[in-house]
Amino acid sequence: MQWWHQVVMDIELNKNPIVVSWYDFKECMRARFVPPHYRKELLLKIQRLQQGPRSVDEYFKDLETTLTKIDMHENEESKITRFVSGLRREIQDVIELYEYSPLEKLVHLAIKVESIFLKKTSFKTTHNDGFYKTSWKDENQNSSKTFPSNLVKETTYNSRVSKPSPYILKSPTKTSSQKCFKCLDFGHIVANCS
């Protein structure tokens, strides 16, 4: 309470204006207890605020509390733009298809979109019957395991010669920097391939 007695003395000595409203009192308290760099840090936080791994609801609550702490009075469109720009990309893409309405409706829509995405991903992980592939790269990696790259098909077209195996294991020794794209061997090019 010592600081308040100092404020009252400053008012009596006409160093500070008289505190007559709640707003004046808040300003007086903010000047005394909030460090000057705090507002700058909050402004930086609000500029960098992203949803990340949090839910839409948690992200919106963090955005709302940060705006309240800054005491920033933005119009509805600015809040909507700030909210949408911080959402995850897949949610942003769906939200941007709709007409921007009041912020509360937009938050509700984003929560619905997030729950749909969560249902889809949980269905894919629980029903891993091979129908849903995680990516085309997995399929290519599996096919490369069944057909090793160091096995090359023998290209003999003589039907009278019996073939014990259609594939011959070639050694990966490199004799030259030239590579034949027909037989995949090193040391010659396609024009010189026999």
Among what's in region 1-43 and is of a type in the set (V, I, T) and assigned to a helix (DSSP H, G or I), pick the residue that is surrounded by the most Cβ atoms within 10 Å (Cβ to Cβ).
V7
Is it the case, given these coordinates, that A110 is part of a helix (DSSP H, G or I) and touching a residue at least 40 places away in the same chain (Cβ under 8 Å)?
yes
Just checking, how many residues over region 167-183 are modelled with pLDDT of 80 or more and in a loop (DSSP other than H, G, I, E, B)?
4
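One line per residue, one yes/no per condition, for (1) exposed (fewer than 12 other Cβ atoms within 10 Å of the Cβ); (2) among the β-branched types (V, I, T); (3) modelled with pLDDT under 85:
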{"site": "D71", "(1), (2), (3)": "yes, no, yes"}
{"site": "F83", "(1), (2), (3)": "no, no, no"}
{"site": "G86", "(1), (2), (3)": "no, no, no"}
{"site": "E104", "(1), (2), (3)": "yes, no, no"}
{"site": "V113", "(1), (2), (3)": "no, yes, no"}
{"site": "K120", "(1), (2), (3)": "yes, no, yes"}
{"site": "N128", "(1), (2), (3)": "yes, no, yes"}
Only residues in region 44-69 that are more than 24 Å from F117 (Cα to Cα) and free of Cβ contacts under 8 Å to residues at least 24 places away in the same chain count as the first member; pair them with residues that are surrounded by 13 or more Cβ atoms within 10 Å (Cβ to Cβ) and of a type outside the set (K, R), Cβ under 8 angstrom, at least 6 apart or cross-chain, and list the lot.
K45/T66; L67/I46; L67/E74
Among (1) outside any loop (DSSP other than H, G, I, E, B); (2) over 19 Å from the mean Cα position of the chain (by Cα), the one test that T81 misses
(2)
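The values are calculated or read from the model by the stated rules, or taken from the named source; none is laboratory data. As the structure is a prediction and not an experimental result, all values here were calculated from the model. With ideal geometry, Cβ positions are generated from the backbone for all residues, glycine too; neighbour counts draw on all protein chains shown.
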